[in-house]
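Structure, as structure tokens:
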Amino acid sequence: MQTINMHYAELKDSYLFYNIAQKTKAYLEEHPGTHLYRMGIGDVSLPLCDAVIKALHEAVEDQAHKDSFHGYMPECGAPFLREAIAKYYGERGVALSSEEVFVSSGASDELGDILDLFDRSSTSLVIEPAYPAYVDANVMAGRKIVHLSSGEENGFLPLPDENTKADLLYICSPNNPTGAVFRKEQLQAWVDYANKTGAVILFDAAYEAFIEDPELPHSIFELPGARTCAIEICSLSKTAGFTGTRLGYTVIPKELERCGMNLNAMWVRNRTTKTNGVSYIIQKGGAAVFTPEGQRQIHENIRIYKNNAACLMSALDECGIQYFGGKNAPYIWMKCPEGMTSWELFDYLLHEIQVVGTPGEGFGACGEGYFRFSTFGSPEDTKEAARRIKTLFSEEAH
Ligand code: PLP
């Protein structure tokens with residue numbers, strides 16, 4: 001008898017961030033006291049904004065009094081937060097009912113849990129380079145995975161063609177790691193493909209708040225036909241600094257049906273069985289993000305990260321180094337100079353200028369030859385890292 005899910009044995013060792021940590025640790029042991037300019041991991045560096053902190057304090061106080069105390073929260077989310085999120089979509093021209101919004105503890109949880117809705121024999125398509133959790137969650141669930149490579153030839157935004165065959169389609173836009181963002185007509189090709197074939201799109205919009213080009217879609221539901229083929233998974237982690245506080249949301253339209261089953265109703269059943277909701281305090285903090293003052297404050301923070309991006313992009317421009325992303329996304333996807341591999345570049349930057357980034361190879365084989373900079377670091381460190389990059393690569397040119 002087999003008691004264990006042996007698909008775990010098929011997981012590739014997740015050595016990306018482990019290797020980065022090992023290499024930086026070894027460097028610091030050899031060079032004690034050295035400051036490293038860390039632009040590898042995509043965690044935020046700015047604290048939660050004042051509007052959120054105030055709401056969190058008030059919610060803690062509510063929990064101290066009999067009249068305002070909250071016990072279990074509704075499993076699919078507090079109505080006040082579901083309504084605030086539906087209104088946020090409405091302001092961008094996407095009509096949602098609050099019952100189509102499910103509050104979650106973050107996008108990572110949902111990207112894995114949502115697979116409960118689909119048959120184990122279904123095939124998942126992952127556009128690579130990709131956020132590693134897509135592949136791993138599918139391997140654990142024993143699903144077949146189709147890896148669709150992207151590259152410079154399609155701006156890291158591949159479209160479906162006659163060879164595309166999959167039941168679940170992971171699309172991340174703005175993309176981690178490449179920073180590429182699908183234009184409406186490109187995303188429409190995926191929506192049309194899904195409606196034609198019966199596939200379901202899992203649209204990861206964790207970085208939508210970083211889009212500044214007004215032509216680019218923030219939500220897949222801006223496109224006609226998406227309500228019958230897509231689920232959108234979102235997070236307040238990067239938008240509002242909730243990486244440690246944990247809050248996200250998932251949108252499942254009521255029209256989304258497959259095999260005579262309604263996916264919104266299935267997810268209600270799933271959530272009411274498998275969770276007891278997100279804490280009242282955190283949901284109150286999250287609701288503050290969607291107030292006018294909260295939006296103003298989170299965009300002030302996003303502006304600081306965007307200034308970091310501008311600073312790094314200008315350094316790369318001055319050195320004539322090619323890169324992607326950075327403008328509508330918090331990641332810069334740099335081409336490794338002179339045919340270096342991404343781990344060679346990692347070692348070179350660490351040893352020569354003490355700058356730490358993420359080797360592209362860790363996001364799938366087609367990420368080899370590229371390197372990711374996160375723009376979530378402190379402005380001071382980012383400025384100094386940019387200066388060091390400029391000096392290193394312009395010295396090389398001479
Ligand atoms: N999706 C993408 C593309 C991400 O890059 C991340 C985090 O880095 C997540 C989801 C996870 O977000 P959360 O913190 O909400 O779990």
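The values are calculated or read from the model by the stated rules, or taken from the named source; none is laboratory data. Model, not experiment: these values are computed from the prediction. Here Cβ is always computed from backbone atoms with ideal geometry, including for glycine, and neighbour counts include all displayed protein chains.
Among the conditions (1) within 25 Å of the chain's Cα centre (by Cα); (2) touching a residue at least 60 places away in the same chain (Cβ under 8 Å), the only one that Ser342 does not satisfy is (2).
Residues are listed down the side, and each one gets a yes or a no for (1) surrounded by 18 or more Cβ atoms within 10 Å (Cβ to Cβ); (2) in a helix (DSSP H, G or I); (3) of a type in the set (S, T, N, Q):
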residue: Gln2; (1), (2), (3): no, no, yes
residue: Gln22; (1), (2), (3): no, yes, yes
residue: Gly33; (1), (2), (3): no, no, no
residue: Pro47; (1), (2), (3): no, no, no
residue: His57; (1), (2), (3): no, yes, no
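Residue by residue, here is whether (1) among the hydrophobic types (A, V, I, L, M, F, W, C); (2) over 30 Å from Asp50 (Cβ atoms) holds:
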| residue | (1), (2) |
| --- | --- |
| Lys274 | no, yes |
| Thr291 | no, no |
| Ile321 | yes, yes |
| Gly326 | no, no |
| Leu350 | yes, yes |
| Ile353 | yes, yes |
| Gly357 | no, yes |
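Inspect the stretch 311-324 for any residue being touching a Leu at 6+ places or on another chain (Cβ under 6 Å) and surrounded by fewer than 23 Cβ atoms within 10 Å (Cβ to Cβ) and give the result as yes or no. Yes: the stretch 311-324 contains one or more residues that are touching a Leu at 6+ places or on another chain (Cβ under 6 Å) and surrounded by fewer than 23 Cβ atoms within 10 Å (Cβ to Cβ). Any residue at all in the stretch 66-76 that's in contact with a strand residue (DSSP E or B) (Cβ under 6 Å, 6 or more places away or on another chain) and assigned to a helix (DSSP H, G or I)? There is no residue in the stretch 66-76 that is in contact with a strand residue (DSSP E or B) (Cβ under 6 Å, 6 or more places away or on another chain) and assigned to a helix (DSSP H, G or I).
For the stretch 191-207, the set of residues classified as away from the ligand (no atom under 16 Å from the Cβ) and touching a Gly at 6+ places or on another chain (Cβ under 9 Å) consists of Val191, Asp192, Ala194, Asn195, listed by residue number.
Filtering the stretch 246-258 to residues that are away from the ligand (no atom under 16 Å from the Cβ) and in a strand (DSSP E or B) leaves Glu257, Arg258. For residues that are assigned to a loop (DSSP other than H, G, I, E, B) and within 15 Å of the ligand (Cβ to nearest atom), scanning just the stretch 92-112, find the one that is surrounded by the most Cβ atoms within 10 Å (Cβ to Cβ). Restricting to residues being assigned to a loop (DSSP other than H, G, I, E, B) and within 15 Å of the ligand (Cβ to nearest atom), the top hit is Gly106. Applying the set (1) among the basic types (Lys, Arg); (2) within 16 Å of the ligand (Cβ to nearest atom); (3) touching a Cys at 6+ places or on another chain (Cβ under 8 Å) to Arg82 leaves exactly one unmet item: (2). The residues of the stretch 38-54 that are under 16 Å from the mean Cα position of the chain (by Cα) and β-branched (Val, Ile, Thr), listed by number, are Ile41, Val44.
When the stretch 259-289 is examined, which residues are found to be assigned to a loop (DSSP other than H, G, I, E, B), more than 16 Å from the ligand (Cβ to nearest atom) and either of a type in the set (S, T, N, Q) or in contact (Cβ under 8 Å) with a residue 12 or more places away in the chain (or both)? Hits for the stretch 259-289 are Asn276, Gly277. Here Gly77 meets the list (1) at pLDDT 95 or above; (2) of a type in the set (Gly, Ala, Ser); (3) surrounded by fewer than 21 Cβ atoms within 10 Å (Cβ to Cβ) almost entirely, failing just condition (3). Comparison of Arg269, Arg227, Arg246 shows that the only residue that is modelled with pLDDT of 95 or more and more than 20 Å from Asp113 (Cβ to Cβ) is Arg227. Pairs linking a residue in the stretch 237-248 that is of a type in the set (Ser, Thr, Tyr) to a residue that is within 7 Å of the ligand (Cβ to nearest atom) and assigned to a loop (DSSP other than H, G, I, E, B), with Cβ atoms under 7 Å and 6 or more positions apart or on different chains, are Ser237/Gly106; Ser237/Ala206; Ser237/Thr243. Residue pairs whose Cβ atoms lie under 6 Å apart, separated by 6 or more positions or on different chains, with the first residue in the stretch 100-122 and on the phi > 0 side of the Ramachandran plot and the second of a type in the set (Ser, Thr, Tyr) and within 16 Å of the ligand (Cβ to nearest atom), are Gly106/Ser235. Among the residues of the stretch 209-245, those identified as assigned to a strand (DSSP E or B) and either among the acidic types (Asp, Glu) or more than 13 Å from the ligand (Cβ to nearest atom) (or both) are Ala230, Ile231, Glu232.
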